[in-house]
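Participant: Sending over a structure as structure tokens; questions will come in a sec.
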Amino acid sequence: MKDSETTGSLAAIAAPFFMALGFIIWDKTWSKSGGSAFALNLYKCNLASIGFVVASLIFGFRIDDDETDSETIKESVGFLVLSGFIGIIVGDLAWLEALRQLGATRVIVLDCIKPFSAAFFGWIILGESIQKLAFSGIVLTVMGVLIVSLEAERKDLEWKHRSTSEIDEEDAQPNSENGEEDQLKNDSNDNEEDIIESISEEQASPSIQIKLKPEQLPPTITHTNTRTSQWNTRKGYILAVGNVFLDTYGSVLTKQHGKSFSSWTINLIRFASSGVIMFALSCFMCLYERKRPSSNKSRNSSTVPWYRLPQIDSQSWMKISIGVLFVTFLYSALNNYALFQISLGLALSLGSITPLYALFLEWPIYGEEKRPTLRSIGGATLAIGGVVILSIYNSEEK
């Protein structure tokens, strides 16, 4: 194994650790701010771009000193901008909409095809090949991550159901002083309703309209809602699968056209261009809102528009910025470095183990709610075995 392959594998393994840390920070801060995913994406892209400028100035914008044609450089920059637009803007929006339509469980399952799509794109477009043992490592890693992710989702739903049941039980308990009085009122109301219903049935005529409960409505009335729900589900699947291929193809473009640049410069081009596009869209929506004062009156003042940053205290912004440091800056730098040291399929497979880190990082923070189960530990063990195989057999077949 070459030294570059070893460092590339270590970078790919370390990158998801910082992503897990950043996601935990964002979960505890941004979710309470009322800000949208677009606003978070806008903030993290522009803030991280400042860090990438500083890093590029310190470590250099290029990794070689040869005099490359200026037209080639412009072409490479253009493709990196396209890579950022596809993977950061379009891909993330498709992923978030898929989450809304399908829920986390189905999206997690579909995300597991990303390592295989990366191996396919790497073979077709980049001419990369993977050893058979390494491919078996991809399978083990994906299976383990899938088990851990689904188990975490199942446990979250279980805790939410348990919390809701406890609240319902508290609300269902009558007050000891007024319990008998309320029961008498309910019994009298039931008797009155029975009398009214019996009279209505005896005096009913064709001109009388009987109001039915929702569960008594004929199926034809809810046919439109069912058809809409089916379309939303299909759309969610299309967007989830589309995000997988958009994200993968964005990585392909990065590897194809970023060879002459350092990892810092690649991220600078991708995130800065995406941040500028989203900032321009945000400004346009703010101007559009200002020209339509009637819409401001009808909007709930407590709701933050999706294109605006929320108004929160400086301490919360500091925590969110630390999350940007972990996710957008460190993760992206390590991930791009690994992308050029090992094959695309292996890099994205090793980069998909974020749920493994989250499994053990969330337990001390959230307590019993996030305690690992035997099933999740078994999935983590399976995934770790796959990671070991990928780390050993990560070189291309000769």
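The values are calculated or read from the model by the stated rules, or taken from the named source; none is laboratory data. Note that the structure is predicted; figures quoted are calculated from it, not measured. Note: ideal-geometry Cβ built from the backbone for every residue, glycine included; neighbour counts use all protein chains shown.
Participant: Do you know which residues across the range 10-60 are hydroxyl-bearing (Ser, Thr, Tyr), at pLDDT 90 or above and either closer than 26 Å to residue 347 by Cα or surrounded by fewer than 19 Cβ atoms within 10 Å (Cβ to Cβ) (or both)?
Facilitator: Taking the range 10-60 as the starting set, the residues that turn out to be hydroxyl-bearing (Ser, Thr, Tyr) are 29, 31, 33, 36, 43, 49, 56.
Now narrow it down to the ones that are at pLDDT 90 or above: 43, 49, 56.
Across the range 10-60, the qualifying residues are 49, 56.
Participant: Can you name the number of the only condition in (1) under 23 Å from residue 87 (Cβ atoms); (2) out of contact with any Gly (no Cβ under 8 Å at 6 or more places or on another chain); (3) of a type in the set (Gly, Ala, Ser) that residue 314 fails?
Facilitator: (1)
Participant: Just to verify a result, which residue in the range 114-132, among those that are over 16 Å from residue 247 (Cβ atoms) and assigned to a helix (DSSP H, G or I), is farthest from the chain's Cα centre (by Cα)?
Facilitator: 132
Participant: Of the residues 103, 122, which is surrounded by fewer than 18 Cβ atoms within 10 Å (Cβ to Cβ) and either out of contact with any Asp or Glu (no Cβ under 6 Å at 6 or more places or on another chain) or at pLDDT 80 or above (or both)?
Facilitator: Details: 122 fails: surrounded by fewer than 18 Cβ atoms within 10 Å (Cβ to Cβ).
It is 103.
Participant: Is the range 77-99 home to any residue that is without any contact (Cβ under 8 Å) to a residue 60 or more places away in the chain, buried (at least 20 other Cβ atoms within 10 Å of the Cβ) and part of a helix (DSSP H, G or I)?
Facilitator: No - not one qualifying residue is present in the range 77-99.
Participant: Of (1) part of a loop (DSSP other than H, G, I, E, B); (2) touching a Lys or Arg at 6+ places or on another chain (Cβ under 9 Å); (3) at pLDDT 85 or above, residue 395 satisfies all except one. Which?
Facilitator: So residue 395 meets the others, but not (3).
Quick grid of which residues meet (1) among the aliphatic types (A, V, I, L, M); (2) without any contact (Cβ under 8 Å) to a residue 40 or more places away in the chain; (3) surrounded by fewer than 22 Cβ atoms within 10 Å (Cβ to Cβ):
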| site | (1), (2), (3) |
| --- | --- |
| 314 | no, yes, yes |
| 322 | yes, no, yes |
| 330 | yes, no, yes |
| 342 | yes, no, no |
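Participant: Now for a different question. Among the candidates 44, 132, 32, 74, which residue alone is among the basic types (Lys, Arg) and within 15 Å of residue 278 (Cβ to Cβ)?
Facilitator: Working: 132 fails: within 15 Å of residue 278 (Cβ to Cβ); 32 fails: within 15 Å of residue 278 (Cβ to Cβ); 74 fails: within 15 Å of residue 278 (Cβ to Cβ).
Only one candidate passes the filter, namely 44.
Listed here are the residues, each with its yes/no results for (1) over 19 Å from the mean Cα position of the chain (by Cα); (2) modelled with pLDDT under 90.
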position	(1), (2)
269	yes, no
275	no, no
279	yes, no
285	yes, no
295	yes, yes
298	yes, yes
313	yes, no
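Participant: Out of all the residues in the range 346-383, which are surrounded by 15 or more Cβ atoms within 10 Å (Cβ to Cβ), touching a helix residue (DSSP H, G or I) at 6+ places or on another chain (Cβ under 7 Å) and among the aliphatic types (A, V, I, L, M)?
Facilitator: 346, 347, 348, 350, 353, 356, 358, 359, 361, 380, 382, 383
Participant: Before we move on, is residue 35 touching a residue at least 40 places away in the same chain (Cβ under 8 Å) and not in a helix (DSSP H, G or I)? Spell out how you get there, then give the answer.
Facilitator: Details: touching a residue at least 40 places away in the same chain (Cβ under 8 Å): yes; not in a helix (DSSP H, G or I): yes.
Spelling it out, residue 35 is indeed touching a residue at least 40 places away in the same chain (Cβ under 8 Å) and not in a helix (DSSP H, G or I).
Participant: Within the range 132-157, which residues are farther than 17 Å from residue 384 by Cβ and out of contact with any Gly (no Cβ under 9 Å at 6 or more places or on another chain)?
Facilitator: 132, 154, 155, 156, 157
Participant: Next question. Within the set of pairs 6 or more residues apart or between chains, which connect a residue that is closer than 12 Å to residue 344 by Cα inside the range 123-137 to a residue that is of a type in the set (Phe, Trp, Tyr) and surrounded by 11 or more Cβ atoms within 10 Å (Cβ to Cβ) with Cβ atoms less than 7 Å apart?
Facilitator: So the pair list comes out as 129/123.
Participant: Ok, one more. Identify, please: which residue in the range 234-267 is farther than 15 Å from residue 80 by Cβ and among the hydroxyl-bearing types (Ser, Thr, Tyr) and is, among those, surrounded by the most Cβ atoms within 10 Å (Cβ to Cβ)?
Facilitator: Out of the qualifying residues, it is 248.
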